[in-house]
1. Estimate the FRET efficiency between residue 136 and residue 76 by the formula 1/(1 + (r/R0)^6), using the beta-carbon distance for r and 22 Å for R0, to the nearest 0.05.
2. Which ordering of 146, 87 is given by a fewest-first count of other beta-carbon atoms within 10 Å?
3. How large is the convex hull of the Cα atoms of region 43-158 per residue, expressed in Å³ as a whole number?
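Nothing in this text is a laboratory measurement; each read-out follows from the coordinates by a stated rule. Every value quoted in this text rests on a predicted model; they were computed, and no experiment measured them. Positions of Cβ are backbone-derived with ideal geometry, glycine not excepted, and every protein chain shown enters the neighbour counts.
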């Protein structure tokens with residue numbers, strides 16, 4: 001009888017051990033992401049720096065485009081980051097991604113993407129979101145690109 005109880009106890013222990021291993025492996029594969037912004041979910045942050053001249057070009061281009069367009073009129077920016085995607089030829093395509101609050105709709109933040117081409121292109125909304133979700137975001141250190149963009153736009157509006 002003791003041998004039978006020991007056998008059952010051993011089986012329960014082994015079963016519990018394997019179940020706990022399986023559950024711990026499964027829990028490591030799940031990522032819970034709480035998104036305050038579309039930029040966070042699919043982008044990866046790397047330490048490879050984008051040249052400052054490129055970042056400044058993108059900020060200037062974005063601010064010029066925002067100052068020219070009539071609607072929507074940006075009044076604030078957040079989550080502005082510089083990054084890049086790779087072209088089919090593995091060349092870097094630099095992009096400035098972020099969100100802005102429009103004067104016409106002060107409750108919803110809109111996505112934007114400014115892309116460095118032979119000049120630049122700017123996209124708003126879902127097109128911007130799709131482009132930015134593919135981008136690899138570069139670290140800009142302690143520089144807040146949202147503030148830089150807002151200040152540059154304020155100068156252009158004067």
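1. 0.30
2. Result, fewest neighbours first: 87, 146.
3. About 103 Å³ per residue, rounded to a whole number.
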